[in-house]
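The values are calculated or read from the model by the stated rules, or taken from the named source; none is laboratory data. Worth saying up front: this structure is predicted, and the values here are computed from it rather than measured. Cβ placement follows ideal geometry from the backbone for every residue including glycine, while neighbour counts extend to all protein chains displayed. Surface areas here come from the heavy atoms of the whole protein model, side chains and all, with no ligands, DNA or RNA. Shrake-Rupley method; radii C 1.70, N 1.55, O 1.52, S 1.80 Å.
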Amino acid sequence: MENIVSKLTLEEYEKNFQELHPPLSYGSAIAESSRCLYCYDSPCMKACPTHIDISEFIKKISTDNLMGSAKTILKSNWVALTCAKACPVAVLCEGACVLNEKGDKPIEIGRLQRYVIDNYFDHGMPALFSKKSPNAKNVAVIGSGPAGLSCSAELALLGYKVTIFEQSEIPGGLNTWGIAPYKARKQDALKEVELIKSFGVNVKTGIGVGTDISFDELYKKYDAVFLGIGLGESHALSVNGEELPGVINALDFIEQVKTEDWSSVAVGKRVAIIGAGNTSIDAATEAKRLGAEEVMIIYRRSSQDMSAYKFEFDLAKKDGIIFHFLTSPNKVVGKNFVEGIECIRMEPGKPDSKGKRSIMPVPGTEFIIPVDMVIKAIGQEAQNDFISTIPGIKFAGGKVQINSDNFQTGNPKVFAGGDCINGGKEVVNAAYDGKMAAFGIDKFLKNLN
């Protein structure tokens, strides 16, 4: 980039990246928990993908039984701290709170969960769960993201010897590297890794399966294998100029920010983000908080079609992000670095059988937006090359195909969960997948005896 923003002071960075939702005090947590109606049918519990007994854990807060509350949460969700901070609670548990129907503010379930789990970690992760006796079976888990950690925790408590293989030197997957720091910090994810390790799980970092060790070697050595591999590289824009310095993938950019060495992260004065999902919003708001003077999101469809949640959209607008809807990039402009992005206006066509409108470029509407940085946030590729080396795996629509009852793939010995089977959902969905896959693995291995 030719134009890199001037660096902010450490105090300015800390202020810009301070948590969106600070922790509750003891008094605030007690007061908030007392507002809960402890619904018998708990619509909030049904709305949570991991089905935490929310009424129960909140009631235990009100009686000052914080360890009992933590146990209630953790038996359903092993990455509860990350989820408490980063889950889209407004569209999940809090969105289902019955107080919404009364016109009242919903219970702050996410902040109450954080209060409980922060307390649990602050007290040194006391043992709340007992392990079954070792059963002489071993399981390999590929990937240390939320799916891999959840699967490993359940299996370890069931008596299995579990080894996680993580290609990064620092474990935690996207919980560590892919969530904006004003939502959750890297340290939060690493606490959860330590919790899983405390159950006896062996976490081997810096080992890529398929590069440092073959999948075939794991397949022969272990009784079962769990794939928690997530997704791969970001989709390409497939336009001229994409190779210019100053064009970067959103996840690479977010990973740099997550190091929290903010002054070392290069960011342009005028930044364009391509795409309008939640990752796009994270990249845009981070660029703005790093000091970019102007940040814009370019999206080829309308605001009604964007996949970002409303609260993410509202956050971006509050941060001064500019939105160019019905606008598609044609090429990145520049000689030795990014100098602009040529776009064309789009217009919606006729809806298809499912009601989704096609979009068409409007001839003669090309225009150039001066920018010195372009961030690509249009989704990720599936890891086809790696998956295709595994015998019996079925792959369709960019997803590993599984039996939804037990998360078993077409290869009976291989199970999968998380983004590689759902195409990219929330952390909480991956946590549920890993847990259910562990139960599937347990049943499979017991039936072999």
Filtering segment 24-39 down to residues that are loosely packed, with under 14 Cβ neighbours inside 10 Å and either on the phi > 0 side of the Ramachandran plot or in contact with a helix residue (DSSP H, G or I) (Cβ under 8 Å, 6 or more places away or on another chain) (or both) yields 34, 37, 38
Based on what the data block shows, is residue 149 over 29 Å from residue 443 (Cβ atoms), in contact (Cβ under 8 Å) with a residue 40 or more places away in the chain and either assigned to a helix (DSSP H, G or I) or open to solvent by 40 Å² or more (accessible area, probe 1.4 Å) (or both)? no
Checking 189, 266 in turn, the sole residue that is assigned to a loop (DSSP other than H, G, I, E, B) and in contact (Cβ under 8 Å) with a residue 60 or more places away in the chain turns out to be 266
When only residues in segment 241-294 that are modelled with pLDDT under 95, closer than 12 Å to residue 13 by Cβ and acidic (Asp, Glu) count, which is most open to solvent (accessible area, probe 1.4 Å)? 261
Restricting segment 49-99 to residues that are in a loop (DSSP other than H, G, I, E, B) and among the charged types (D, E, K, R), the one surrounded by the fewest Cβ atoms within 10 Å (Cβ to Cβ) turns out to be 64
Yes or no: segment 239-261 includes at least one residue that is more than 22 Å from residue 174 (Cα to Cα) and either assigned to a strand (DSSP E or B) or aromatic (Phe, Trp, Tyr) (or both). yes
What's the number of the only condition in (1) touching a residue at least 60 places away in the same chain (Cβ under 8 Å); (2) touching a strand residue (DSSP E or B) at 6+ places or on another chain (Cβ under 8 Å) that residue 421 fails to meet? (1)
Take segment 214-230 and flag every residue that is surrounded by fewer than 20 Cβ atoms within 10 Å (Cβ to Cβ) and in a loop (DSSP other than H, G, I, E, B). 214, 222, 223
When every residue in segment 361-408 that is among the β-branched types (Val, Ile, Thr) and over 24 Å from the mean Cα position of the chain (by Cα) is compared, the one modelled with the lowest pLDDT is 389
If only one of 184, 250 is within 19 Å of residue 81 (Cα to Cα) and touching a residue at least 12 places away in the same chain (Cβ under 8 Å), which one is it? 184
Based on what the data block shows, is residue 342 under 16 Å from residue 272 (Cβ atoms), modelled with pLDDT of 90 or more, in contact with a strand residue (DSSP E or B) (Cβ under 8 Å, 6 or more places away or on another chain) and not hydrophobic (A, V, I, L, M, F, W, C)? yes
Give me the pairs: first residue in segment 126-142 and polar (S, T, N, Q), second residue at pLDDT 95 or above and open to solvent by 40 Å² or more (accessible area, probe 1.4 Å), beta-carbon distance under 7 Å, and six or more apart or on different chains, which are they? 138/161; 138/223
Open to solvent by less than 40 Å² (accessible area, probe 1.4 Å) and assigned to a strand (DSSP E or B), is that true of residue 374? yes
Selection status of residue 367, over 30 Å from residue 245 (Cβ atoms) and either touching a helix residue (DSSP H, G or I) at 6+ places or on another chain (Cβ under 9 Å) or surrounded by fewer than 19 Cβ atoms within 10 Å (Cβ to Cβ) (or both): no
List pairs: first in segment 405-416 and at positive phi, second open to solvent by less than 40 Å² (accessible area, probe 1.4 Å), Cβ under 6 Å, 6+ apart or cross-chain? 407/415; 407/417; 407/437; 407/440
Any pair with Cβ under 9 angstrom, 6 or more apart, that starts in segment 104-115 at a residue that is open to solvent by 10 Å² or more (accessible area, probe 1.4 Å) and ends at one that is modelled with pLDDT under 95 and part of a loop (DSSP other than H, G, I, E, B): 108/21; 111/21; 111/22; 114/21
Among the residues listed as 349, 398, 340, the single one being open to solvent by less than 40 Å² (accessible area, probe 1.4 Å) and without any contact (Cβ under 8 Å) to a residue 12 or more places away in the chain: 349
